[in-house]
Amino acid sequence: MKQSNFLSNVAYLLLENKADFEQFVADNQSISWLAFDTEFITEKRFLPQLCLIQVATANGIYLIDSLKIQNLDGLMDMMKNPDILKMTHAGENDYRIFYKLFGVLPVNVFDTQIADGFLNYQYPMSFKDLVQKYLNVHLQKGFKVSNWSKRPIDDKQISYALDDVIYLYGLYEKLKTALEKRGRFEWVMHECQMLCKQSAYKTDPYKDLAQSRTFNSLRRQSQVFLVRLIDWRKEEARAKNVSKKMIL
């Protein structure tokens with residue numbers, strides 16, 4: 001594996017090939033916690049383009065280039081492992097991407113945004129504000145809109161990506177202590193578990209259609225034709241990996 005890179009005094013490993021990734025998996029077989037975040041592009045696509053996965057464990061900080069590493073089974077196994085506590089912030093979109101691309105949802109998850117919501121009325125609170133509030137660290141967040149598919153990844157993007165995971169464990173410790181004092185830690189874990197159920201991400205492509213007055217007013221033959229048209233549109237979008245809005 002390549003030597004650690006340093007940016008703003010933070011050591012990290014950029015994983016760009018199969019060998020690097022396999023070493024990461026081997027080095028983290030016995031971990032008890034894992035903090036993660038993702039960077040992705042969804043615009044004009046049927047399936048999201050997963051560009052980068054940021055991971056922090058007790059063994060180090062890793063940036064996984066998911067455009068260059070196609071097989072992420074080792075990481076998905078960690079996500080499914082109930083013995084590993086996963087930490088994230090507002091992770092619902094990350095879960096959705098993992099489910100769409102890999103059919104995997106993380107288990108044993110602690111979401112810092114949800115956790116803070118059980119302690120305060122100012123919900124939802126941004127990651128930047130949580131870090132300031134609990135860790136007294138001021139983050140310069142400036143890449144909410146960025147081309148994460150561009151390579152090489154530049155230093156500003158790397159700095160942004162690192163910030164998204166290096167503080168999650170510290171937040172977890174602070175929030176857990178506060179929650180346990182109020183007897184609410186298990187409440188949070190239950191709420192986080194509910195967001196990681198398949199039923200939260202499975203969609204019925206015909207639900208809106210069945211509730212449409214226009215559809216229900218059509219003759220049976222016209223209804224069948226419309227359903228077949230919707231199915232064709234979906235498969236065309238999937239095959240071309242473009243938004244369904246771009247088909248017809």
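Miscellaneous remarks
- Test for I158: is it within 21 Å of the chain's Cα centre (by Cα) and assigned to a loop (DSSP other than H, G, I, E, B): no
- Contacts under 6 angstrom Cβ, first residue in the stretch 25-45 being closer than 14 Å to N93 by Cβ, partner among the aliphatic types (A, V, I, L, M), 6 or more apart: F36/V55; D37/V165; T38/I53; E39/L52; F40/L50; F40/I97
- Among the residues of the stretch 93-119, the ones that are of a type outside the set (G, A, S), assigned to a helix (DSSP H, G or I) and in contact with a Phe, Trp or Tyr (Cβ under 9 Å, 6 or more places away or on another chain) come to 11 in all.
- Here the condition is being closer than 20 Å to T57 by Cβ and not basic (K, R); of Y201, Y134, Y169, it holds for Y169 alone.
- Restricted to the stretch 171-233, the set of helices (runs of 4 or more DSSP H) holding at least 3 residues that are among the aliphatic types (A, V, I, L, M) comprises 185-194.
- Test for L101: is it surrounded by 18 or more Cβ atoms within 10 Å (Cβ to Cβ) and over 16 Å from Y172 (Cβ atoms): no
- Identity of the residue in the stretch 58-92, in a strand (DSSP E or B) and within 16 Å of the chain's Cα centre (by Cα), that ends up nearest to Y172 (Cα to Cα): M87
- Residue check, A26 modelled with pLDDT of 95 or more, of a type outside the set (S, T, Y), assigned by TED's automatic domain parsing to the domain that holds Y167 and surrounded by fewer than 19 Cβ atoms within 10 Å (Cβ to Cβ): yes
The values are calculated or read from the model by the stated rules, or taken from the named source; none is laboratory data. Just so it is clear, the model here is predicted, and its values are computed rather than measured. Neighbour counts are summed over all protein chains in view; Cβ atoms, including those assigned to glycine, are modelled from backbone coordinates with ideal geometry.
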